[in-house]
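The values are calculated or read from the model by the stated rules, or taken from the named source; none is laboratory data. These numbers come from a predicted model, not from an experiment. No Cβ is skipped: glycine too gets one built from the backbone with ideal geometry, and neighbour counts run over all protein chains shown. Protein only, heavy atoms only, side chains kept; ligands, DNA and RNA dropped before computing areas. Shrake-Rupley method; radii C 1.70, N 1.55, O 1.52, S 1.80 Å.
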Amino acid sequence: MKKAISLLVVLAITLSMFSAASAFSGTGPQDADTDVPSYSLSGASCFKGCTVELYVSVVNNPGIISLRNTVSYDVDALELVSVEDLGLLRGYTTPAPKVTSPYTLRWADPLANENNCAEGRLAKLTFSAKETAVSGSYTVTVSHVEARTAEGLKVSFRNAEATVEIMRRLRGDADGDGEVTDWDAMQLERYLASWKVEIDLGALDADEDGEVTDWDAILLNRFLAGWKIDFFNEFEPEPTPFNIDALDYSEKTVSADDLFPYCKTQGRTIITDYKLTSSSKEYRGIALDYSAAAIEFNAYCEGTVVASFRAKSTDIGGSRLYLSVYVDGVQVGTSRGDFKLTRSTLTKLTLAEDLPRGLHTIRIERQTEAERGLIYVDSVKLSGELAERPADSQYFIEVIGDSITAGYGMLYPDLSDGQTGANAAANEYEDGTRTYAVLAAKAIGADYSIVAQQGIGVIAGYYPHTMLKTYTETCYQCGRHEAWTFPRKADVVVINLGTNDNTFCNNGTVTLAQVEKGIKDFIDLVRAKNPDAKILWAYGMMDTTLYTYIQKAIKAKGGAQAGLYCVKLTPNRSGGNGHPSLQAHIDNAKILEAKLKELLNSQ
């Protein structure tokens, strides 16, 4: 509730609460020399749990075609919620999905042959004051990295800084003027009567039940009449400052059961009991099944982090299963073979070394598709303590596909991890974490789930099972036939199926009319499980014949008015066994990214 009125609170503060200049300190145009290219940054004030907007501007711009800078702030007190490009310069690059300090902002217009001399507001930064923050002044700094003219000359801009004042809330003070008066009670009564008033609800929850009601108004009026109501006229207590050095940094092994509640999971990732062989010995682990299935967790730790895995090859899986590992948002490992699992019963992989004491984020993501083998996270050994689960991103994208979406053959023939021979179907040439779908989702900062298998179709493929029959199971390919509960509903479901169906049309097994009906049936199934999602059929990376029939099926089911869309991807068969190459995935990711932005912005 506090966050819901944060903008109103900030506006009220701005208009009437504070006269002290330090509350709004920042470097503005009036501070810059008349001829020195400079940034300026506005300041603001707010209560804990509320948001503020800071504006980055440029003044004395001599003319540029590119600009890069960083934004630094105290991550213990502030969270950078969003960055909005205000269109002053061309070529804005969407920032990295993981938000940390310093945070890079970048504009580049490489085809420009004239310099852009625009001045004014460049970007809007929205910060949230953390509930755990200690009240006080916190500095936000914009630091110059590089700018270039159309001729390639470097231009330097002077740095800027501003202050965000996190205020200590006085309980009962609805209008934030530093006193609890009859006016506060009147404003609260008006709010409860549905008047449009600017008040701080966070100061008025007298019984601390999480909402502001008539009972809170009664208590405030009693307080003003002289009753003893302990809640009012006291400052909100300050949190105890977090002491990172007071944590336990002894080495400990965290089991899958203890780790899982702290994990942000990606894909249909579950914790389960399992057996590796026909023996009766049972284990428990976190199952990473489909391509790009992942776990991500935070930990206050130092030194080395080691994870233990168990793997089991399937009949067609080969002996190598691959993982990607990220530490603090950066992929680690000097070669693809650094995070590889074989048929050994237990494999220990070092995820990080020489970490400085502090908060770190570890992410383990599966590259190899589900049917190639089972992967379980058994435990993690670290020196430190697990921290709060990483937050979900604003958007969630589900992608349903076949070998294209699984990344089959995308690395062929450039990367073989030391293999001899040229088997394009080998696991070494597949990476489900770098497909068009994953790259597009990452580009818009969305969480994603991949449900894909090579050779599968909507109604026909190289297996007896089809996606129409198995989509609702947790992971058919890994033997998990229990119904998936769809705990997080997708904002957009992307479907890239039909390539294998078309192959079986060509050999006479099914007809195009049957495939078209299957597409309609599958749309109905996906809609039933994702009632509010936009459904986007993306097609064309290996074959375009079926695209017309996809369009007809979508139109028949209601088209855009029913939240159904299609997008044509660019054909490319230069990878393994006629599949798209890595570059083709990169190129098509841009097409999908643009379409996803269009759909999400229309919500």
task = Please give the number of the condition G337 fails out of (1) open to solvent by less than 30 Å² (accessible area, probe 1.4 Å); (2) at pLDDT 95 or above.
result = (2)
inquiry  = Looking only at the range 168-223, count every residue that is open to solvent by 60 Å² or more (accessible area, probe 1.4 Å) and either closer than 14 Å to C50 by Cβ or in contact (Cβ under 8 Å) with a residue 40 or more places away in the chain (or both) and tell me the total.
reply    = 5
query = Filtering the range 259-279 down to residues that are modelled with pLDDT of 95 or more and among the basic types (K, R), which residue is farthest from C478 (Cα to Cα)?
reply = K264
query = Can you name every residue in the range 131-144 that is open to solvent by less than 70 Å² (accessible area, probe 1.4 Å) and either aromatic (F, W, Y) or at pLDDT below 95 (or both)?
reply = A133, V134, S135, G136, Y138
remark   = Note on the range 320-334: residues surrounded by 13 or more Cβ atoms within 10 Å (Cβ to Cβ), part of a strand (DSSP E or B) and not hydrophobic (A, V, I, L, M, F, W, C) are Y322, S324, Y326
remark   = Given the conditions (1) more than 20 Å from Q477 (Cβ to Cβ); (2) open to solvent by less than 50 Å² (accessible area, probe 1.4 Å); (3) aliphatic (A, V, I, L, M), every one holds for L359 apart from (2)
key: Subset of the range 530-546 [within 31 Å of the chain's Cα centre (by Cα) and more than 24 Å from E593 (Cβ to Cβ)]   = P531
inquiry  = Quick check on the range 362-374: of everything there that is at pLDDT 95 or above and either among the aromatic types (F, W, Y) or in a strand (DSSP E or B) (or both), which residue is most open to solvent (accessible area, probe 1.4 Å)?
reply    = R363
ask   = Quick check: anything in the range 456-465 at pLDDT 95 or above, open to solvent by less than 10 Å² (accessible area, probe 1.4 Å), closer than 19 Å to R366 by Cβ and not in a strand (DSSP E or B)?
value = yes
message = Against the condition open to solvent by 40 Å² or more (accessible area, probe 1.4 Å) and either within 30 Å of L88 (Cα to Cα) or in a strand (DSSP E or B) (or both), how does E165 come out, does it pass?
response = yes
message = I'm checking my understanding of the structure. Among residues of the range 280-304 that are assigned to a loop (DSSP other than H, G, I, E, B) and under 17 Å from the mean Cα position of the chain (by Cα), which one is farthest from G479 (Cα to Cα)?
response = A292
ask   = What residue, among those in the range 547-573 that are open to solvent by 70 Å² or more (accessible area, probe 1.4 Å) and free of Cβ contacts under 8 Å to residues at least 24 places away in the same chain, is farthest from the chain's Cα centre (by Cα)?
value = T548
